[in-house]
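The values are calculated or read from the model by the stated rules, or taken from the named source; none is laboratory data. From a predicted model like this one, the values you see are computed outputs, not experimental measurements. Methodologically, a virtual Cβ is constructed for each residue, glycine included, from the backbone with ideal geometry; neighbour enumeration extends over all protein chains shown. In case anyone asks, the SASA skips ligands and DNA or RNA and just uses the protein heavy atoms, side chains included. Shrake-Rupley method; radii C 1.70, N 1.55, O 1.52, S 1.80 Å.
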Amino acid sequence: MVEVIIGVVAGFLGGGTLSYFMWDKALKARKRKIVREAEAEGEVIKKDKMLQAKEKFLQLKSEHEKQVNERNQKVVALENRMKQQESAFQQKRNEFQREVKNFETEKRDVEVLRENLTAQMAMVEQKAEELEKLHRQQLEMLEQVSGMSAEEAKAQMVESLKEEAKTEAMSYINEIMEEAKQTASKEAKKVVVKTIQRVATETAIENAVTTFHIESDEIKGRIIGREGRNIRALEAATGVEIIVDDTPEAIVLSAFDPVRREIARLALHQLVTDGRIHPARIEEVVQKVQKQVEEEVIETGKRTAIDLGIHGLHPELIRLIGKMKYRSSYGQNLLQHSREVANLCAIMASELGLNPKKAKRAGLLHDIGKVPDDEPELPHAVLGMKLAEKYKEKPEICNAIGSHHDEVEMQTLLAPIVQVCDAISGARPGARREVVESYIKRLKDLEDLALSYPGVMKTYAIQAGRELRVIVGSDKMNDQESEQLSYDIAKRIQDEMTYPGQIKITVIRETRAVNYAK
């Protein structure tokens, strides 16, 4: 048994030793293999690094050669430029030397000319003295022969020349004016007719009273109230005179301010519809209606600007445009008139090749000075110009507003367009109402103005004041003076009177030969 164990142990030890030697041999072989592979890989890496170093060296060498070549080229370019500058400098130096020589030559020539001129001037002065002496002798001889002094003869000659020049000037002026009328009048009429034909608006006549219709006369008593307290409260709150008379189913609201009349009408309508009519309720409704009207004014201004395609207006200008709805001029609604003028201006500006948007803007704002309630002591055109300037409108727009009644000088072509279109809108038939007394006074003023000139015998204002015929004595003035009289009267009417449209002045001079057969 022991022997078996010894044999197993011996076998185990022998196998272990053999295994150790075999494993050690294999490990050494693996180490040698790894060393060979590492050496081979090292050689490869060494070769790669050498190749990279060689490529880097070649690249650096190429860049260095390139920089050297560029530096050499710059040096060559600088040398060439220096040579060119030296050549140009030498050329300018030569030219300067030639100019100096020429200047010296010219200077010598000038000295010679100066000496010659001095001698000639002395001779001229001597000749002038001789001529003056001969002229005085001739004048003395002429005065002795004619019996007139030189001053008298000169005055007579100047007077005759003045008359002749005046006659020729009047003839020339007449020719120019006739030619201008033939050429300009045709084109102007064409533009105006096209403008008027392309705008069609309704005739709007405004009054100073508003009629409020009611369903029955019983409501009149409720509106008046006990001892008239309701009607007094309504008049105090609105500032409108309320007339309750025997007119069936109607109450008259009277006030010159259309805004107040509108507030009174709307307030009265709400009170009658609601049925509660007493002073406290009246004040409440009037305040509410005032806010509604103010909102409507702003909405009307915005809607007008949008309809006309006008943008960028100041909010205060929009409010003033809305208030135009409640203003009138000679019975013509101011907003309707301004819209019409804006459209007319845009069309006329387009026909003339100008900016229609600016013209439309100026036309809408031209009567803005009629709207403010404070009514300062300024013409409405000047006030409108100041308002436009205040709210940052452009200078040409402001000038067109201020000059449409000639209160300020026109500075752009936009100004006469606004003036003409304002006259077209206001002067068309049915646009405005004119009081009979003022109409008759205007005709009489026209006739009196023409009668104030010497030589005028009779005057007649015809065609509703659109034409003035002046009859002069044929023995008191000639044809040229008649032409001058027509021009003077037209100029004076334009400067001193206010009128719609234009006035034609016709001067009639005729000679009648009368005889009787007996």
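Considered as a group, the residues in the stretch 347-356 that are among the hydrophobic types (A, V, I, L, M, F, W, C) and within 13 Å of the chain's Cα centre (by Cα) include one that is surrounded by the most Cβ atoms within 10 Å (Cβ to Cβ), and that residue is A349. Can you name the number of the only condition in (1) in contact with a Pro (Cβ under 8 Å, 6 or more places away or on another chain); (2) open to solvent by 20 Å² or more (accessible area, probe 1.4 Å) that L320 fails? Evaluating L320 over (1) in contact with a Pro (Cβ under 8 Å, 6 or more places away or on another chain); (2) open to solvent by 20 Å² or more (accessible area, probe 1.4 Å) leaves (2) as the failure.
Scoring I310 on the criteria (1) assigned to a helix (DSSP H, G or I); (2) modelled with pLDDT of 85 or more leaves a single failure, condition (1).
With the structure loaded, tell me whether T273 is more than 44 Å from the chain's Cα centre (by Cα) and either free of Cβ contacts under 8 Å to residues at least 60 places away in the same chain or open to solvent by 70 Å² or more (accessible area, probe 1.4 Å) (or both) or whether it fails that test. If you could, list the steps in order and put the result at the bottom.
Values: more than 44 Å from the chain's Cα centre (by Cα): yes; either free of Cβ contacts under 8 Å to residues at least 60 places away in the same chain or open to solvent by 70 Å² or more (accessible area, probe 1.4 Å) (or both): yes.
Spelling it out, T273 is indeed more than 44 Å from the chain's Cα centre (by Cα) and either free of Cβ contacts under 8 Å to residues at least 60 places away in the same chain or open to solvent by 70 Å² or more (accessible area, probe 1.4 Å) (or both).
Residues that are of a type in the set (V, I, T) and either open to solvent by 100 Å² or more (accessible area, probe 1.4 Å) or under 60 Å from the mean Cα position of the chain (by Cα) (or both) within the stretch 3-52 comprise just one, I6.
Of the residues K370, K394, which single one is open to solvent by 10 Å² or more (accessible area, probe 1.4 Å) and in contact with a strand residue (DSSP E or B) (Cβ under 9 Å, 6 or more places away or on another chain)?
On the way: K394 fails: in contact with a strand residue (DSSP E or B) (Cβ under 9 Å, 6 or more places away or on another chain).
Exactly one residue qualifies, and that residue is K370.
Taking the conditions (1) in contact with an Asp or Glu (Cβ under 7 Å, 6 or more places away or on another chain); (2) open to solvent by 70 Å² or more (accessible area, probe 1.4 Å) in turn, L451 satisfies each one other than (1).
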